[in-house]
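What follows draws every value from the coordinates through simple rules; no lab data is involved. All values reported here derive from a predicted model rather than from experimental measurement.
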Amino acid sequence: MTTTSTNPVISEVGRSYLRLQRVPDVGPVRARNLIAHFGSVDAIWSASMAELQHVEGIGPCVAESIFRSRDEKGVDEEIAKAVECELRILCPEDADYPKPLLHIPDSPICLYVRGTLQPADSVAVAIVGTRRCSHYGREQALRFGEMLAGAGFTVVSGLARGIDGEAHRGALRAGGRTVAVLGNGLGSIYPREHEELAEEIAASGAIVSELEVDIGPDFKNFPPRNRIIAGLSLGVIVIEAGEKSGALITARLATEYNREVFAVPGNVDRPAQTAGSNALIRDGQAKLITCLDDVLNELGEVGKSLRPDSSLLPTDAPLFATANLAQHERSILEAVSSGIEEVEGICTTTRLDAGSVTSTLTALQLRGLIRLLPGNRFVCRTAARSEPRAEASG
């Protein structure tokens, strides 16, 4: 059933779900059992103690907790906090509750949202990995975040330091959508240094959590957070994860939810950072990927629908014809496409300073749009592919 409400923060049926979420010892699985048994969330609140105890997993103590949680005061106070923080609280019966989460067995009872969720966010890929990543790991997270968002995927991650943060930044740099799933309430941002990044994400996607507004970061809340990351996504990409990394929990949950699992190969000389992700590949638990096409190939019809159709472009069309680029990126790529290969010439043509040109050229390399040749020369990827092979001497 889809509900609407004049209250922009929570629907009427959402209040019943929020009350249920606030009951001690009632998590997503018990909540689902209760709703299935009584037929609706509202029916739970008119059930007797004896009737509650007939539900699978509900003993006398939990039944008593439910029975005593009919007071609206706590619900009203929580909604007031959400209003103050400019959040929405969604329940599974709301139209904009993420549809992929409805198909996992432990979907959140309520989901707090800052920003906006859209139907297109159902076409999402998660990127996860270690907080203490290498420079290579950061580059790959940024690269895949940018490529996926540029192709039309929503990029999902956890806003943590390291891989997560770079994945979000890559999606934002591509002008795409990204969703951050937090392991604390949305009354604060963790880590603190990502507050500005969080604001950018909320403006171009959403920050979400199943936890009440004032709940602070706590290690025990991060593994449950990972199931939401996996549940929101068609597939999960692991970039640098140690043997005990939380990213491996996300990968395992993705497998349980029948999602795809991918891994970017990591440096074998850095086992603290890559032992877990490399083991996923070695043991056949994740598909090795190095580029966007590897992901698209594994996502079947969804991947095909997001792959640029080269037959719709003239044979000499520039590669950036289907890319989502900022104006300065487009100017630089047009200069390179016209045959200007060196930084000095690109600066003269675009009237951009050398620092901006150099950093943008690096970003365009990460996106796979240009290639660096010997002598610090740059060419478009299509031009690089069509270069004649050097004749063998003699």
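Between Glu243 and Glu64, what length comes free when the chain is fully extended (0.36 nm per residue of separation minus the Cα-Cα distance, one decimal in nm)?
On the way: separation 179, 0.36 × 179 = 64.44 nm, distance 4.15 nm.
Roughly 60.3 nm would be gained on extension.
What are the semi-axes of the equivalent ellipsoid of the stretch 12-79, taken as the square roots of 5 times the eigenvalues of the Cα gyration tensor, listed largest first and rounded to whole Å?
On the way: eigenvalues 66, 31, 22 Å².
Computed over the stretch 12-79, the values are 18, 12, 11 Å.
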Please give every one of the aspartates and glutamates within straight-line cross-link reach of Lys220, meaning a C-alpha to C-alpha distance under 18 Å, and leave out same-chain neighbours fewer than 8 residues apart.
-> Asp25, Asp106, Glu210, Glu212
Can you list the lysines whose alpha carbon is less than 21 Å from that of Lys73, not counting same-chain residues fewer than 8 positions off?
-> Lys81
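For the stretch 119-305, what ratio Rg/Rh do Cα atoms give with a Kirkwood hydrodynamic radius?
On the way: Rg = 14.8 Å, Rh = 15.8 Å.
So for the stretch 119-305, dividing Rg by the Kirkwood Rh gives 0.93.
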Give the label of the value calculated from the structure for Rg/Rh (Cα atoms, Kirkwood Rh), choosing from (1) 1.05; (2) 0.98; (3) 0.94.
-> (1)
With the Cα gyration tensor of the stretch 114-219 giving a ≥ b ≥ c as the square roots of its eigenvalues, does the rule (a/c under 1.5 for rounded; else a/b larger than b/c for prolate; else oblate) give rounded, prolate or oblate?
-> oblate
Taking only Cα atoms and a 10 Å spring cutoff, compute GNM fluctuations for the chain and point out the largest among Leu172, Leu186, Leu361.
-> Leu361
Thinking of the stretch 58-195 as a set of Cα atoms, what percent of all their pairs are more than 24 Å apart?
-> 42
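Which percentage, to the nearest 5, of the DSSP beta bridges contained in the chain is antiparallel? Don't skip to the answer; put the middle values down first.
Details: 11 of 34 bridges.
Given both bridge residues lie in the chain, the antiparallel proportion sits at roughly 30 percent.
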